[in-house]
Amino acid sequence: MKYLVAFCCVQFSYLIQAQESILFSNDQYSGISSVMISPAQAFLNPNPWDITIIAEDVFVQNDYGFISQQSFIGLINAEIKSASIKKNITGDNTPDVFDFYNKELGNYHLSSDILGPSFQLKIKLKEKDFAVGLFSRLRTQSSAVNVDNYLRFGNQDLLEPELYTLKPLKINFMNWAEIGLNVATAIFPYSDHQWIIGGNIKYEIGLDALNVESKVPFQLTRSNDEVDVKSIVASDYDIAASFVTNYNFETDRYEYQQRGNGLGFDFGLTFVDRDSNAEDYNLKAGLNVLDIGSVSFEGENHLLKGSPVELENNPTFKNTKFKSPHQFLQLLSNEVYGDENASLQGTDFKIGLPTSLHFNISKNIREHHYLNADWIQRIPVFENSLKRSNIFNVSYTVQKPVVGYGGSVSLYEYRSLQVGAYLRIGPLILGSENLFPLIFKQKRLHSGDFYIAIKLYPFWDNEMKRHRRENCNC
């Protein structure tokens, strides 16, 4: 039921989110893996080069749906049931049930970041040192903040109010690839401290995108014409929807094709107070501006604005099997305007990258031991911008050539406390910024995170070997 409302509230499915590993990005040996969040960090890599074969960071967070009495590891063999009030199956009384929080407002952030083959190396040009890297990424992000959760009535098997005003909302989604160049170098050579500037320029390859915006509050009216038969009518709405996808709904296959393009930029400035007689630094502080840019797509733009539309108990919707977004929007257009093509307004639209600020500070406690703090604040400034998660993270890390490890505490959206840890041993990196839901059963499993990467780099490098490589006139 409520096809139009469901279309606007699709964000409330159980979601997978991924983002750059903040914990590992503080490791001096992170190399090219760190430049997505700190473009100048690779310059501090003690090794002359490193190669990332592949890295994946998966994170789940939403405050709408949960799975009862389960961990992420346990999901591998679990059979998940849907909650049913009529059958007395809920997350509170039965394990392995997908149930709902049913708040008045819901939020989610989704992002998946796969770092493909990438490398970084140190070079010298005209007696000046540079860190240069190339990286490839596949990214997926989506977000919705404080969205009116009208579906909570159906989730609880409650009768909807006779008159309900649905608040304005905005949802967007983008799936895209990046090919990027990173360059970092030291500036202010006569300063008593080290200043490093770094930047990424990224070619954006758009694959799939969706933008839905309900611009004004609209009314949902329930009436009962017969016993146990109700209708719900939407009126006073003004909804814009744009989408493009590579998924072929006729063959049920994903068929890769570039659907959009754009440019993105990241900039970073890092201050380092370094002891000239020690390999460790005393203090490091950095300010980074991430994901400046947008992607232009060619797809479909629809506008739905007009006469009342019956959403529940509508024979057109009840007797139709929906096969694609295009077909769904054509049916809505026919209901609104009496013409299945009238809602189509054009083909060009843009999705802004998830612009954010990242501030980092790291203090050396003793040899190879660091206390770090990271703050990421979203600042969506472009048209239909994606929204990155707000995070404040404090970590303690031990960074040695062959082994690195540490733990962290973070506030997701400044309200959800999460505990994490990571381990780097040789070429393998494992980590999580929300560790407990991975391995321990949660009463309500709605979040979790894990990070895995495989790198090739000369992890046996050290200060003595670097000194031996230096040219000297002795």
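The values are calculated or read from the model by the stated rules, or taken from the named source; none is laboratory data. Nothing here was measured: the structure is a model prediction, and the numbers come from that model. No Cβ is skipped: glycine too gets one built from the backbone with ideal geometry, and neighbour counts run over all protein chains shown. The accessibility values were calculated without ligands, DNA or RNA, using every heavy atom of the protein model including side chains. Shrake-Rupley method; radii C 1.70, N 1.55, O 1.52, S 1.80 Å.
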Theoretical gain in end-to-end length, Asn313 to Asp275 [0.36 nm per residue, Cα-Cα removed]:
6.3 nm
Starting from the Cα of Val409, step 7 Å along the direction of its Cβ; do the same at Ile379; then give the gap between the two resulting points in nm.
2.9
For Ile179, the accessible surface traced by a 1.4 Å probe with all protein chains present amounts, in square angstrom to the nearest 10, to 100
For a test of the definition: using alpha carbon positions, the gyration tensor, and the 1.5 limit on a/c, classify the range 308-407 as rounded, prolate or oblate.
prolate
Using DSSP to define loop residues, name the trypsin sites (Lys or Arg not before Pro) in the range 356-459 whose beta-carbon has at most 10 other beta-carbon atoms within 10 Å.
Arg415
To the nearest 20 debye, the chain has a Cα-centred charge dipole, built from +1 on Lys and Arg Cβ and -1 on Asp and Glu Cβ, of 1120
Assuming 0.36 nm per residue, please report the length gained on full extension of the stretch Ser223 to Ile80 beyond their Cα-Cα distance.
48.0 nm
Given charges at Cβ of Lys, Arg, Asp, Glu: the chain dipole, positive-most of Ala131, Asn149, Val289:
Ala131
Lysines whose Cα lies under 21 Å from that of Lys363, excluding same-chain neighbours fewer than 8 positions away
Lys284, Lys400
How high is the relative contact order of the range 142-257, given as a whole-number percent (alpha carbon pairs under 8 Å, six or more residues apart)?
24
Which three extents, in angstrom, do the Cα atoms of the range 178-316 have along their principal axes, listed largest first?
85, 33, 25
The Cα radius of gyration of the chain, divided by 2.2 N^0.38 Å with N its residue count, comes to 1.11
Using a 1.4 Å probe and ignoring any ligands, DNA or RNA, find the accessible area of Thr320 and quote it in Å² to the nearest 10.
40
Explain nothing, just the number: dipole magnitude of the range 237-281 about its Cα centre with +1 on each Lys and Arg Cβ and -1 on each Asp and Glu Cβ, in debye rounded to the nearest 20.
300
For the chain, averaging the sequence separation of alpha carbon pairs under 8 Å that lie six or more residues apart and dividing by its residue count, the contact order in percent is 17
Computed about the Cα centre, the charge dipole of the range 322-467 from +1 Lys/Arg and -1 Asp/Glu charges at the Cβ has a magnitude in debye, to the nearest 20, of 780
What is the distance, in nm, between label points placed 7 Å from the Cα along the Cα-to-Cβ direction at Val419 and at Thr90?
2.9
What is the ratio of the Cα radius of gyration of the range 101-170 to 2.2 N^0.38 Å, with N the residue count, to two decimals?
2.15
Low-density loop GluC sites (Glu not before Pro), the range 17-124, at most 16 other Cβ within 10 Å, DSSP non-H/G/I/E/B, are Glu79, Glu104
List the lysines whose Cα sits under 25 Å from the Cα of Lys443, skipping any in the same chain fewer than 8 residues away.
Lys81, Lys86, Lys87, Lys103
Pairs beyond 18 Å (Cα-Cα), from Lys350/Lys387; Lys387/Lys441; Lys215/Lys318:
Lys387/Lys441; Lys215/Lys318
Neighbour cut-off at most 13 other Cβ (10 Å), DSSP loop, chymotrypsin sites (Phe, Trp or Tyr not before Pro), the range 366-418:
Tyr414
